[in-house]
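The structure appears below as structure tokens.
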Amino acid sequence: MAQIKLFGYTDKITVKAGDELVFHVSADGTDTAEAQLVRLIHGDQHPDGPGFIEKEIACEVNGPWQVAKQFTQVGSFLTAEDPQGALRLDGSFTLFAFIHPTVPAWGTRQALLGRWDIQRNEGYCLGITQAGFLEFWQGDGKDIDYLKAELPLVANQWYFVAVSFDARNSQATLRQVGVGNRYNSRLGKVAPVEYDSHVRETLRFRARNQDDTPFLIAGARDWHELRGHFVGQTYCGKIDRPGVYQRVLSRDELDAIATGAVPTDDGRVCYWDTTLGYTEHGIGDTVIDIGPHGLHAQGYNRPNRAQTGWNWQGRNDCFRLAPHEYGGVDFHADAVLDCHWQETRRWRIPADLKSGVYALRLRAGPGIGLAEEYIVFFVRAATPRARIAMLMPTASYLAYANEHLSFDAQIVQAMTGQPPILAAVEMEMYKNKEFGLSTYDKYLDGQGVNLSSYRRPVLNMRPKARMSSMGITWQFPADLSIIGWLEAKGYDYEVLTDEDLHRDGAAALAPYKVVLTGTHPEYHSERMLDGLEDYVADGGRLIYTGGNGFYWVVAFRDDEPWCMEVRKLDSGMCAWRARPGEHYLATTGEKGGLWRMRGRPPQKLTGVGFISEGFEHCAPYRRMPDSYHRRADWIMRGVEGEVLGDFGLAHRGAAGIELDRYDLALGTPPHALIVASSGGHTDNYILVTEELLYAYQGLTGTQDHRIRADMVYFTAPNDGAVFATGSIAFGQALPVNNFDNNVSTVLANVVETFAKDGPLPGAAWISREKQFR
Amino acid sequence: MENEQASARWRNPLKGWQPAREVDEVPTDPWRNPVHAPGRYTVKLFAIGRLRFFHKFRAHGKRLWHRTRYWPTRRRVLDVRGGYNPKTLAAEKTIRDKRPLYWLTAFACLLALPLAVPDSAANTLYTAAAIFGIYGAINLCWMLIIGTAGVSSLATYSVVGAAAYGSAYCSIHFGMPWWALPFIGVPIGLVFGLIIALPATRLDGFYYALLTLGLNELCRTYVLQSKVFGSATGGLYGAQSYIPDSLSADGQLLLGYYASLVLLVMALALYRTINGRRLGRILRMAPEQKEAFAEACGIDYRRARIQVFLLSSMALGFIGGFYAAHFRGASPSLFSIDTVALGLAMLMIGGMQRAEGAVLGTFIVVGLHHGLVGLGPLRLILIGVIMLAVVLFLRGGLFGIKPQFRAWRDKKKSENRSTRSVKGGEMLPEEATETFDKDEIYRRRFDKQQRDFLKTLVTAQVIEEHRRQPLGQHSEALERLLMYFRRHPQQDKYAIEVLEPFKAYRIVALSGHRGVAPHDVEEKIYASTDDAYHGVFMRRVQDLLES
């Protein structure tokens, strides 16, 4: 019997009573699985903590589920719906496009545009061979006939490619012309490369065109007996302004198109003007056809828009300035944004389900390892009642969803200072492209992954999961340590997510007196950031229980909250860097990169911002003189000695992993107090790149005073306040000694004080305050 | 010195920050300067760069390249590969398969042969050349049977003989015209082929060869003793021929010669049709000893083998008919053991599984046997010697010389390189110039320097320091070692697999290839992450010292 494997995801990540949640499950080696709804309390199995804690919840979906193997369409492409069959080219025709292949010769055939059926050998297609040559092929159901270019395509160069087929004499002519300029391609003029190739041959037969074969850009139809139809021969690279004519275009006409002329409408069937549709607020997945039939093409797995086109001149850096230079649609053969699995089960959230972090636990066979799956989702309150809210940083979960750093990033061991510790589920993820990539990975063509979604099994958004490269919990399972602390302290709290904050803004937070963040709320959309800022300014009290937060600019479409876009560029600690000219988000039209580079350093909101990271050692905090000031000494009530958090589930310290520092120059409110700071960080901690102008020796933990976590407290308008811990490891120090320790005491002081109505102790700093102290 | 070593200690700069836990001070070795000038090459460096022997054509660039095909196939007249010269980036074309050119040249020479033949040798040469044509055709069909179908049949000449006898008989007794003889041969060949094919489904290799040899002998004995087939006259003669008696002696010779050439061309076309198309491809998937694999892939190789066998037998029957029409009859020598032996020599000398091998082998053997009749039995010895030499020294006959030479040259090249390599792996010019990314050349040089230095840092003290605290701040020596290890390329880089969290770990190695899971390195189970980290460190140290 095959090994039993269970994987699943939900259509939504955040729900409230009355909402309907759809589960999508795929199973190998079994057709039933035992389902059990659980509330997750703690996720870190580290022996110094309380271990994994879940509470089984009685519920109608518990019990055996019928499950089945499901398949995932990998790769991004465009489909042109063509009900009239205008693209059934039975006579003469011409296909053309500008292309920028990123890995032309990676050993797999790649389709550019055509109506090709791989399984039946029917139709026509312009594509790239396994060895990286442009080729036109067509099939009559039995045989395939080919016409190949003379020279291979050079990677990362722009080309104009075209094929015309003359039905009168069965002559096909293939053309490939280099259209690189000083900016748009990898090689410049000085490289003595001849790109052009014009080949003509007489083909043996005409293509047989079936009615149901779809016209695809960057893919071709395939079929499998278990799976049915799917798209194969997906492409890596950009395609710009492709077109189809029902006549042979002359060389002069093609030369004119290759130099920028708009193709005439004589014989034009389709011309997808990829530069149309840009607005001030980005662009969607529809590629507009200006031909007579209006066969607009729809993207699958979100082909990347807002990418530079063949005629990009290096002067304009955004599609908002020059949309006609941004015709590049970027395809990746290993993109996965939505598994589109069949629905396994549907469940309406009952009214009496308490807000919290939940998972549907599925078990089959041995019920451990791959035979156990937790499908995580968050239940928020339909009517908020609690005073405390935990804001789960789901945008950051998306960013790290199914990261492959240990496997694919050579630098990661140097960065984390240790060999990775790999779990079986990660090996499984690495072997299967179906799980997709994170924004910390690169597509197989070397381009950074700028999109991520939760409509696929997110295998590291699971309790018990550990970040293999760092040997600790990370993001979701680390945040469960804060949830576990809230539970252990017996606080009445409710849970909400980044998605709710993005959708409702400050209104989502307004009902709560205190909001706690996760351990690493790194990714924020403008609306999320605005919401938090307004919440605090309107009197809300924010506890930033983490490090390296509020860092990257991200964006969501209103109708697709499961998919997030990020572009990493210029400066910042990043896994990849967007290409020149591709720095603006296609989703919203805003500039990507760090919030700091857009004038909103995290210090402006929380008083602290990212300064350093290291992953093999954590250190304690020491109280700073400010903590003895009466404005803030209540924070340290019950704390003995000066050292805080010389323990923790993350490398035995409360300050570490990623550190944030107070910086007046970056907008820390000038009245902010540093109540504690960490110190004694190793040389694995290195100053972040956005702090660097020149790199020089000594920018490491033992030699640079800036490398530290600052625990900062300040008051905000309308009795608002912010308390920031400035360290990711802080949350993982809470569970030590069964949640009874000095870090826990500090946080409890802050939470309990923040949760009270009225002004904060010492906030006004007037003598009257003595009365309540 | 002893004292100095003992007194060298590294002090943790974090001392004071965390009094309880950290290592404050460890014994260490005296500091060594990591900056060294790279050493000189220890081997002599030669000027390198081999100019290419083959002409490269310039690519067409902006001009249209109109390619022609062999009608009605999709094969281009010449298999030309375009590409960029890695040394100059010039766009150029290479003819990947020059065989069509060689064939054309060879046939042009054969066509023009009469211009170069002296009158005195005309008789011998034309006779030999006609025999070459006929035997070449037979051997091509035989090559289909042995090479393509992989059936070790030695009864090829008996099929030809049977068809020759049969058609000669028909011609003599029923007055069949000469042009009908090949077509009478076809069904005879088919029937004979069927008879021989039957045991092929049950018998393997050697036994089947013996059986067919026996069959051959049976035919010979039969025709030698059969009155009907001319036991008295030493053959069956008197069949009609395509060579008119009215023609002059020279004319007759010439006509026979050209007709045999046409037969050869037809056999070549058949060979190409079967071997180069579906049947041949199927059978190439199922070579001897690997039939089970092919079968598992869904290939019905038995059926394909029988098909090829029967098609070839029909072709052999056709040739038998032509033989009768050419020689005006048939002789028992067709069945003789020396014919089979010579035929085998022809195949072996040229090289198996290729048409040009069969033709060249035939050319050589027929040339020696019929062209140098003056040498007497010596020429048979000569053929034997050539065959022996081919079997002893060549893997794929004469046409296997080129790949064999290349393999030998590459072997020698790598042998030479290994004797010349600089210890530690720095690239020599001969390897460096073939490296696409020149950055790699420097990386290797730097890496060598680095390793030479790092090896001096590995001491018991450093290992003990790592064992005590695998993660955290380390002495400079240990830190340098670790930093080097961590930056190793992903391929075969060590990692740890968790078997049971916080209880059992194992060391694995990353694949460095997308989608390929890590592979096992050792079976040892480590009880904690610290133990596993140290296990990885010890492996890395060992790899460093061994490199």
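The values are calculated or read from the model by the stated rules, or taken from the named source; none is laboratory data. Predicted model, so just to flag it, every value in this text is computed and none were measured. Cβ: placed from backbone, ideal geometry, glycine included. Neighbour counts: every protein chain shown. Ligands, DNA and RNA are stripped out before the accessible areas are found, and what is left, the full protein with its side chains, is counted by its heavy atoms. Shrake-Rupley method; radii C 1.70, N 1.55, O 1.52, S 1.80 Å.
From the set of residues in the stretch B:43-77 that are open to solvent by 70 Å² or more (accessible area, probe 1.4 Å) and within 13 Å of A:Leu147 (Cα to Cα), which is farthest from the other protein chains (Cβ to nearest Cβ)? Among them, the one singled out is B:Arg75.
Only one of the numbered conditions (1) farther than 30 Å from A:Thr702 by Cα; (2) of a type in the set (A, V, I, L, M); (3) more than 9 Å from every other protein chain (Cβ to nearest Cβ); (4) without any contact (Cβ under 8 Å) to a residue 24 or more places away in the chain is violated by B:Val80, and that is (3).
Of these, A:Asp252, A:Asp273, A:Asp285, A:Asp222, which one is over 37 Å from the mean Cα position of the chain (by Cα), assigned by TED's automatic domain parsing to the domain that holds A:Phe136 and either open to solvent by less than 50 Å² (accessible area, probe 1.4 Å) or not hydrophobic (A, V, I, L, M, F, W, C) (or both)?
Step by step, each of A:Asp252, A:Asp273, A:Asp285, A:Asp222 is checked, and only A:Asp252 is over 37 Å from the mean Cα position of the chain (by Cα), assigned by TED's automatic domain parsing to the domain that holds A:Phe136 and either open to solvent by less than 50 Å² (accessible area, probe 1.4 Å) or not hydrophobic (A, V, I, L, M, F, W, C) (or both).
The residues on offer are A:Gly720, A:Gly680, A:Gly701, and the sole one that is closer than 24 Å to A:Gly540 by Cα, small (Gly, Ala, Ser) and touching a residue at least 12 places away in the same chain (Cβ under 8 Å) is A:Gly720.
Summed over the stretch A:417-452, the residues that are surrounded by 22 or more Cβ atoms within 10 Å (Cβ to Cβ), facing chain B (nearest Cβ under 7 Å) and in contact (Cβ under 8 Å) with a residue 60 or more places away in the chain give a count of 2.
Residues in the stretch B:472-497 that are of a type in the set (A, V, I, L, M, F, W, C) and either surrounded by fewer than 22 Cβ atoms within 10 Å (Cβ to Cβ) or more than 8 Å from chain A (Cβ to nearest Cβ) (or both): B:Ala477, B:Leu478, B:Leu481, B:Met483, B:Phe485. Any residue in the stretch B:90-106 that is open to solvent by less than 60 Å² (accessible area, probe 1.4 Å), among the aromatic types (Phe, Trp, Tyr), assigned to a helix (DSSP H, G or I) and more than 10 Å from chain A (Cβ to nearest Cβ)? Looking through the stretch B:90-106, none of the residues is open to solvent by less than 60 Å² (accessible area, probe 1.4 Å), among the aromatic types (Phe, Trp, Tyr), assigned to a helix (DSSP H, G or I) and more than 10 Å from chain A (Cβ to nearest Cβ). Filtered by the rule that a residue be outside any strand (DSSP E or B) and facing chain A (nearest Cβ under 7 Å), the stretch B:498-538 gives B:Pro501, B:Phe502, B:Leu510, B:Arg514, B:Gly515, B:Ala517, B:Pro518, B:Thr529, B:Tyr533, B:Val536. Within the stretch A:691-707, can you find the residues that are among the polar types (S, T, N, Q), more than 30 Å from the chain's Cα centre (by Cα) and within 12 Å of chain B (Cβ to nearest Cβ)? Matches in the stretch A:691-707: A:Thr702, A:Gln703. Against the test of being of a type in the set (Gly, Ala, Ser) and either within 11 Å of chain B (Cβ to nearest Cβ) or open to solvent by 10 Å² or more (accessible area, probe 1.4 Å) (or both), the options A:Ser164, A:Ser185 yield a single qualifying residue, A:Ser185. Of the strands (runs of 3 or more DSSP E) lying entirely inside the stretch A:1-113, those containing at least 3 residues that are of a type in the set (Phe, Trp, Tyr) span A:93-101. Residues that are aliphatic (A, V, I, L, M) and more than 14 Å from chain B (Cβ to nearest Cβ) number at least 3 in the following helices (runs of 4 or more DSSP H) confined to the stretch A:327-416: A:394-399. Under the condition of being under 19 Å from A:Ala478 (Cα atoms) and free of Cβ contacts under 8 Å to residues at least 60 places away in the same chain, the residues counted in the stretch A:735-768 number 1.
Checking each residue in the stretch B:352-401 for being free of Cβ contacts under 8 Å to residues at least 60 places away in the same chain, outside any helix (DSSP H, G or I) and either surrounded by 16 or more Cβ atoms within 10 Å (Cβ to Cβ) or on the phi > 0 side of the Ramachandran plot (or both) picks out B:Gly376, B:Leu394, B:Gly396, B:Gly397.
For the stretch B:270-318, taking the residues that are within 21 Å of B:Trp71 (Cβ to Cβ) and without any contact (Cβ under 8 Å) to a residue 40 or more places away in the chain, the one that is most open to solvent (accessible area, probe 1.4 Å) is identified as B:Arg278. All conditions but one from (1) without any contact (Cβ under 8 Å) to a residue 60 or more places away in the chain; (2) surrounded by 20 or more Cβ atoms within 10 Å (Cβ to Cβ) apply to B:Ala267; the one that does not is (1). For the stretch A:173-181, indicate whether the set of residues that are at the interface with chain B (Cβ under 10 Å from one of its Cβ atoms), among the charged types (D, E, K, R), open to solvent by less than 40 Å² (accessible area, probe 1.4 Å) and part of a loop (DSSP other than H, G, I, E, B) is non-empty. So far as the stretch A:173-181 goes, no, none of its residues is at the interface with chain B (Cβ under 10 Å from one of its Cβ atoms), among the charged types (D, E, K, R), open to solvent by less than 40 Å² (accessible area, probe 1.4 Å) and part of a loop (DSSP other than H, G, I, E, B). In the stretch A:672-695, of all residues being within 22 Å of A:Leu594 (Cβ to Cβ) and of a type in the set (Ser, Thr, Tyr), the one that is surrounded by the fewest Cβ atoms within 10 Å (Cβ to Cβ) corresponds to A:Tyr694.
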